[in-house]
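Okay, so here's the structure we're looking at.
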Amino acid sequence: MTQIIALIQAAVVFGTTIMFGAMGEIVTEKSGNLNLGVPGIMYFGGIAGLIGVFFYERSTDDPSKLLCLIIALICAFAASALCGLLYSFLTITLRANQNVTGLTLTIFGSGVANFFGGSLNKLAGGVGQISVDATSSIFRANIQSNVADLGVFGNLFLPYGFMTYLAIILAFLMAWFFKRTHVGLNLRAVGENPATADACGINVTKYKYLATCIGAGITGLGGLYYVMDYTKGTWANDGSIESLGWLAVALVIFASWRSKNTIWGSYLFGILYWMYFYISGLSRGMQEIFKMLPYVVTIIVLIVVSVRKKREGQGPAALGQSYYREER
């Protein structure tokens, strides 16, 4: 029982990172933009938040925890949204190929983040010496300090930082937004048929820009969560964020572009990914096979949805296509 609880806890923490990435990409793709720069944007969110609070904490002997939290969130969201703005300018205004632009953004983001991460490590005195304890402690603080008093319930539902619960709330808010609000329905119309939406008086360019920038900002929060909670406020150039970014892209497909599905989908990915750690006697090769399971499951889901040929569960009809207003 103890191992099962530990596996679920690891899955929730692991899954929260890719949940933010997937939800941000869902917002972007609902507008018809296919942004494969998710890993790079998560890199930007993580390094921007870390740099912001690192210099703030270094400048004072008594950093305000509230200010640390605000700086981290604003820096991560703003840097990631700027990535979304760059992607939007290239793909919406200049009509560059979306796939190539997204992949370029991933390479660019990982390079820039690891460069600044390495510089920050040197400035702090070496790898693992970055000290943002005040900020990291906020992200890792449990809602219930005495979890053991609540037994299994406490161990399963309470020993997580606030961003875990924020991700779940955001998933439900997004589902309500897309189904119940005028703006959300307009955004879905843009992603399904931009020409028809344009003919109805909807500003297609504005919706695409806003959805892509806001979606990128949400994606960047996944990178911030990874740095502040998952790795406890340090920076490691091991490529983990990139791996999680691609899992977030896979989760979008697995969740059938529904934000609420990302909740259980991300935790399932976490369980499948970390299951090898709790099974004794596995060879190195078998461990790598377990790490592949989230992608394998996504492929199976994609095949099943394609075979069924039903509209529900499919992505927006105009996903990945540039809109040429003069051809309307």
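The values are calculated or read from the model by the stated rules, or taken from the named source; none is laboratory data. Please read these numbers as outputs of a predicted model, since none were measured by experiment. Counting neighbours? That spans all protein chains shown, and the Cβs are built from the backbone with ideal geometry, glycine included. For the accessible areas, the whole protein counts, side chains as well, though only heavy atoms, and no ligand, DNA or RNA atoms are used. Shrake-Rupley method; radii C 1.70, N 1.55, O 1.52, S 1.80 Å.
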Identify, from the list Phe44, Phe20, the residue that is more than 15 Å from Ser88 (Cα to Cα) and open to solvent by less than 10 Å² (accessible area, probe 1.4 Å).
Phe20
Could you pull out the residue among Gly215, Gly233, Gly220 that is part of a helix (DSSP H, G or I), in contact with a Phe, Trp or Tyr (Cβ under 9 Å, 6 or more places away or on another chain) and either farther than 27 Å from Trp176 by Cα or touching a residue at least 24 places away in the same chain (Cβ under 8 Å) (or both)?
Gly220
Among the residues that make up region 243-253, is at least one of them part of a loop (DSSP other than H, G, I, E, B) and closer than 20 Å to Ala10 by Cα?
no
Among helices (runs of 4 or more DSSP H) lying entirely in region 150-209, which contain 3 or more residues that are at pLDDT below 95 and farther than 24 Å from Thr262 by Cβ?
151-157, 194-199
Could you tell me whether Lys122 is at pLDDT 90 or above and basic (Lys, Arg)?
no
Go through region 47-62 and give me each residue that's open to solvent by less than 30 Å² (accessible area, probe 1.4 Å) and touching a residue at least 40 places away in the same chain (Cβ under 8 Å).
Ile47, Ala48, Gly49, Leu50, Val53, Phe54, Glu57
From Phe269, Phe277, grab the single residue that is open to solvent by 30 Å² or more (accessible area, probe 1.4 Å) and more than 24 Å from Tyr87 (Cα to Cα).
Phe277
Could you list, ordered by first residue, the pairs with Cβ atoms under 8 Å in which the first is in region 95-122 and closer than 24 Å to Val204 by Cβ and the second is of a type in the set (Phe, Trp, Tyr) and assigned to a helix (DSSP H, G or I), at least 6 apart or interchain?
Thr101/Tyr87; Gly102/Tyr87; Leu105/Tyr87
